[in-house]
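Peer 1: Next up is a structure, given as structure tokens.
Each reported figure results from applying straightforward, stated rules to the coordinates on display, with no laboratory input. None of the values given here were measured: they were computed from a predicted structure. Because the Cβ atoms are built from the backbone with ideal geometry, glycine has one as well, and the counts that use them run over all protein chains shown.
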Amino acid sequence: MCTSCGCSGDGKARLTDLDTGETRSAGVDEHPNHHGSTHHEHGHSIAHGHAHRHDEAHGQAREQGTTIMLEQALLAKNDHLAMHNRAWLMDHNILALNLVSSPGAGKTTLLERTLRELAGEIPVSVVEGDQESVFDAERIRATGCAAVQINTGAGCHLDAAMLARALDELAPPPGSMIMIENVGNLVCPALFDLGEWAKVVVLSVTEGDDKPVKYPHMFRAARLMLLNKLDLLAHVDFDLERCIGYARRVNPQIGVLALSARTGEGLDGWYQWLRASAYAQRRTE
Amino acid sequence: MHEFALTRSLIEVCSQQAQGARIRRVTVEVGMLTCVMPEALRFCFEACSAGTALAEAELEIIMTPGRARCRDCGEEVELNELLADCGCGSGNLTEWRGGDTLRIRSMEVV
């Protein structure tokens, strides 16, 4: 960790290409201000708007101060990059889904099975986000799909700059699908738009049916909730209807599918949703 | 901790706009219906501002609530959290508006 600011100087986001084993920086560099590093500009600079300076009269007792009106969204840079990603994905008819959940909800298992069962129908590439390790990207590549691993180091979420790097690396073909497996975390990824078409939140029945009200922001941000590990439902105190009720209280529009990535129960509905989303995304364009 | 990424963005924008001037105060608006905790933002700001143009700056956080209408009693409800109820006890509220802003409003430089 950097001693001057506490930021994760040794925990930078890294992108690993599993073909070459090459690892490089992913996303915006750490220390934008005090280490003299340049930050990722994604090909063009970002309009920060014009700063309006005007002198203020109230600083008489103190040193003369100047108030600069900024009125800028805190996430402006990320949102701009996300918009750029979204436009690129639209132009290439690529459906990008941002899969979010707590750790262990079964995102990778669901992805593995989905990739195997959709093979030959639609090309899918995968962006794997984890704090450390390339285990998940290796599991995905074993299915025959292209995958890049992004290690966020100390970071707890993917951001739009990281997805931009991953898209550069993957060069997904037009008309394909990108599955982005975000870092297992039900809080932070809710805030960061990557440019995806939709966030899909995966909740396993072993986690408790009150997760939607405990972590409302994520369920608010998601377009679809997948209730996974349905095969374990008989062994746990998880009330499906109560969980869906909580999710709809937070987000009345949220879609819900119950399934088991292990047994395959309910997966047809998920595949139908993917096909319908690919169709809807093209029509949006 | 997403507040860390937000703080980095805050410092980057302010440092650019200050053009070398010392920043005495920065005012940020945080909607109460976002998942941003002011305490965490303050903690990150303290940790990250050292050595930057904001090293001596005071962070002012203005919290703004969301609003909705109660479908049962018809009252306008001010929301300090996503799952707040109406004062009448009902949780049956209309879709809320506001309370989701994350914005750097202004800064004072010397």
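Peer 1: At a Förster distance of 41 Å, what's the computed FRET efficiency of A:ARG242 paired with B:ALA55, Cβ-Cβ distance as r, to 0.05? Could the numbers behind the result be given before it?
Peer 2: Working: r = 50 Å, r/R0 = 1.22.
Result of the calculation: an efficiency of 0.25.
Peer 1: Based on DSSP, what percent of beta bridges with both residues in the protein assembly as shown are antiparallel, to the nearest 5? Write out the running numbers ahead of the final one.
Peer 2: Numbers: 30 of 66 bridges.
Roughly 45 percent of the beta bridges in the protein assembly as shown run antiparallel, per DSSP.
Peer 1: Neighbouring Cβ atoms within 10 Å as the yardstick, rank A:SER176, A:SER25, B:SER106 fewest first.
Peer 2: Working: A:SER176 18, A:SER25 15, B:SER106 21.
Final ranking by Cβ density, sparse to dense: A:SER25, A:SER176, B:SER106.
Peer 1: What's the average, rounded to a whole number, of partner chain beta-carbon atoms within 10 Å of each residue's beta-carbon in A:70-80?
Peer 2: Partner-chain Cβ atoms within 10 Å, mean over residues of A:70-80: 6.
Peer 1: With runs of 4+ DSSP H residues as the only contributors, calculate the mean residue ellipticity of the protein assembly as shown at 222 nm using -39,500 (n - 2.57) per run, divided by the residue total and rounded to the nearest 500. It would help to have the intermediate numbers written out before the result.
Peer 2: Numbers: 10 runs with 114 residues, N = 395.
-9000 deg cm²/dmol, from helical runs alone.
Peer 1: For B:ALA68, what is the net charge nearby, where nearby means another residue's Cβ is under 15 Å from its Cβ and Lys, Arg count +1, Asp, Glu -1? Please list the in-between numbers first.
Peer 2: Details: positive: A:ARG220, A:ARG249, B:ARG67, B:ARG69, B:ARG71, B:ARG97; negative: B:ASP72, B:GLU75, B:GLU76, B:GLU78, B:GLU81, B:ASP85, B:GLU95, B:ASP100.
Here the count lands on -2.
Peer 1: Out of all DSSP beta bridges in chain B, what portion is antiparallel? Express it as a percent rounded to 5.
Peer 2: Working: 13 of 20 bridges.
Taking every DSSP beta bridge with both residues in chain B, the antiparallel ones total about 65 percent.
Peer 1: Take the eigenvalues of the Cα gyration tensor for the range A:230-285, scale each by 5, and report the square roots as semi-axes in whole Å, largest first.
Peer 2: Numbers: eigenvalues 132, 63, 5 Å².
They are 26, 18, 5 Å, listed from largest to smallest.
Peer 1: Give me A:MET69, B:MET32, A:MET162 ranked fewest to most by other Cβ atoms within 10 Å of their Cβ, as a rough exposure proxy.
Peer 2: Details: A:MET69 17, B:MET32 20, A:MET162 29.
Final ranking by Cβ density, sparse to dense: A:MET69, B:MET32, A:MET162.
Peer 1: Could I ask something else about it? Based on the alpha-carbon gyration tensor of chain B, what equivalent-ellipsoid semi-axes (square roots of 5 times the eigenvalues) come out, in whole Å, largest first?
Peer 2: Working: eigenvalues 245, 31, 18 Å².
For chain B, the ellipsoid semi-axes come out as 35, 12, 9 Å.
Peer 1: Using Cα centres only, tell me the gap between the range A:235-258 and the range B:31-73 in whole Å.
Peer 2: Value for the Cα centre distance between the two parts: 30 Å.
Peer 1: I've got another one for you. Under a cut-off of 27 Å between alpha-carbon atoms, report the lysines in cross-link reach of A:LYS229, not counting same-chain residues fewer than 8 places apart.
Peer 2: Counting by Cα, and skipping residues close in sequence, A:LYS229 has these lysines nearby: A:LYS107, A:LYS199, A:LYS211, A:LYS214.
Peer 1: Averaged across the residues of B:98-106, what count of C-beta atoms belonging to other chains lies within 10 Å of each residue's C-beta?
Peer 2: Values: counts 0, 0, 2, 2, 5, 7, 8, 5, 9.
For peptide B:98-106, the averaged partner shielding equals 4.
Peer 1: Summarise the long-distance tail of P(r) for the range A:152-228 by giving the % of C-alpha pairs beyond 18 Å. Walk me through the numbers on the way to the answer.
Peer 2: Values: 1298 of 2926 pairs.
Within the range A:152-228, distances greater than 18 Å cover 44 percent of Cα pairs.
Peer 1: May I ask for the net charge around A:LEU118, where only other residues with Cβ less than 14 Å from the Cβ of A:LEU118 are counted and Lys, Arg are +1 while Asp, Glu are -1?
Peer 2: Working: positive: A:ARG113, A:ARG116, A:ARG275; negative: A:GLU112, A:GLU117, A:GLU121, A:ASP268.
Result for the local shell: -1.
Peer 1: How long is the range A:81-150 along each principal axis, judged by its Cα atoms, biggest number first, in Å?
Peer 2: So the three principal-axis extents are 31, 30, 18 Å.
Peer 1: Over the C-alpha atoms of the protein assembly as shown, what are the Rg and the largest Cα-to-Cα span, Dmax, in Å?
Peer 2: Considering the protein assembly as shown through its Cα atoms, Rg and Dmax are 22.3, 73 Å.
Peer 1: So how far apart, in nm, are the two label points at B:ARG71 and B:ASP85 if each is 7 Å from Cα heading toward Cβ?
Peer 2: It works out to 1.6 nm between the two label points.
Peer 1: Let me ask something additional. What order do you get for A:ILE68, B:ILE23 when you list them from fewest to most C-beta neighbours inside 10 Å?
Peer 2: Numbers: A:ILE68 21, B:ILE23 24.
If I rank by nearby Cβ atoms, fewest first, I get A:ILE68, B:ILE23.
Peer 1: Other chains' Cβ within 10 Å of B:17-24 residues: what's the mean? Write out the running numbers ahead of the final one.
Peer 2: Working: counts 8, 3, 2, 0, 3, 2, 2, 6.
Other-chain Cβ atoms within 10 Å of each residue's Cβ, averaged: 3.
Peer 1: OK, next. If you take all C-alpha pairs in the range A:85-283, what percent of them are over 27 Å apart? Could the numbers behind the result be given before it?
Peer 2: Details: 4502 of 19701 pairs.
For the range A:85-283, the share of Cα pairs beyond 27 Å comes to 23 percent.
Peer 1: OK, next. Which whole-Hz ³J(HN,Hα) couplings does the range A:107-120 yield from phi under the Karplus relation 6.51 cos²θ - 1.76 cosθ + 1.60, θ = phi - 60°, glycine and proline marked x?
Peer 2: 4, 5, 4, 4, 5, 3, 5, 4, 5, 5, 7, 9, 4, x
Peer 1: List the residues whose amide H sits under 5 Å from the amide H of B:THR64, counting only those 5 or more places along or on another chain, with H placed 1.01 Å from N in the peptide plane.
Peer 2: Amide H neighbours of B:THR64: B:VAL30, B:GLY31, B:MET32.
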